[in-house]
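Take a look at the structure below.
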Amino acid sequence: MVCVLGVLCILLGLAVLLLVWKIVLLRRSAEELRQGMRERLETDTNTLLSIPSRDGAMCRLAAALNVQLRQLRQERQQYQSGDRELKDAVTNISHDLRTPLTAICGYLDLLEGEEKSETAERYLSLIRGRTDHLREMTEEFFRYSAVLSSGREDVMEDVSLGRAVEEGLSAWYGALSARGISPEIHLPGCPVIRRLNREALSRVLGNVLSNAAKYSSGGLLVTLEEDGTLTFSNAAPALTPVLAEKLFDRYFTVESGGQGTGLGLSIARHLTERMGGSVTADWREGVLTVCLQFPGE
């Protein structure tokens, strides 16, 4: 009887060991599947998931995940192909529009030197305004397509955020003054240095200031914090919290502005995130605040 119990204990112990080993293998396989899915979602690779386990359930799970990976890869390729075709189409259309627009502007310049009646002068002024607007929109579409397909934003260097803000405000001082906007600037006492792309940062600041120049109803407060937070606040009574959240959407425009393509702030967000930063917009009590954040390393 004692021998039988001893054998049963040994068998039970072996069964427990086998069960523990089975659990260890399943956990290892699950972890390999998790890491494999993360790697394949983060990188563009054609490899599929594989696990050393021979467990039927885990093998079926890996097979099902591989089916989803193939479908996701196919959809990603279709999206990238369509996105590339769209960018190429926008670039080509913008380029094709430049030639006739240049010719139209040239003839308008010639007409302005001719004698005209008061009515013709008024019509000519309207045509000039619409033509300039169309040319501006064409250039903005072209720049948008070029920005999305460019890889130059990956070239980083140490940049002083305070100096970049001062240079941006100097470049837009005329446009802001024409709208009766006198910027109020608050910079920290110490330099705020971040590793960024100088050209991309200049374009981001320019697009944010351009938005303020177009749609501000007065005043502009620019504040830079030591932690790399940069805010632009201006009066914008026509906005709402919902509209503020849409400012960075492509082709969204504030109807009261009456101009623009809605690409400026979308480009700003794309470039900011490409440099490791973030940009948000908040509207409270009639004041719009655009916040750029460039965290330190």
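Here are a few things to note about the model shown:
- The lone exception for T280 - which of (1) within 22 Å of E167 (Cβ to Cβ); (2) at pLDDT 85 or above; (3) touching a strand residue (DSSP E or B) at 6+ places or on another chain (Cβ under 8 Å) it fails: (1)
- You will find that of R250, R269, the residue that is open to solvent by 70 Å² or more (accessible area, probe 1.4 Å) and modelled with pLDDT of 85 or more is R269 and no other.
- Each residue in the range 173-203 was checked for being part of a helix (DSSP H, G or I) and either under 25 Å from the mean Cα position of the chain (by Cα) or surrounded by 13 or more Cβ atoms within 10 Å (Cβ to Cβ) (or both), and 9 of them qualify.
- Count of the range 204-234 residues which are surrounded by fewer than 19 Cβ atoms within 10 Å (Cβ to Cβ), touching a residue at least 60 places away in the same chain (Cβ under 8 Å) and outside any loop (DSSP other than H, G, I, E, B): 2
- Single residue of A120, A103 found to be more than 26 Å from the chain's Cα centre (by Cα), at pLDDT 85 or above and over 30 Å from G189 (Cα atoms): A120
The values are calculated or read from the model by the stated rules, or taken from the named source; none is laboratory data. These numbers come from a predicted model, not from an experiment. Virtual Cβ from ideal backbone geometry, glycine too; neighbours counted across all protein chains shown. Surface accessibility is based on the protein's heavy atoms, side chains included, excluding ligands, DNA and RNA. Shrake-Rupley method; radii C 1.70, N 1.55, O 1.52, S 1.80 Å.
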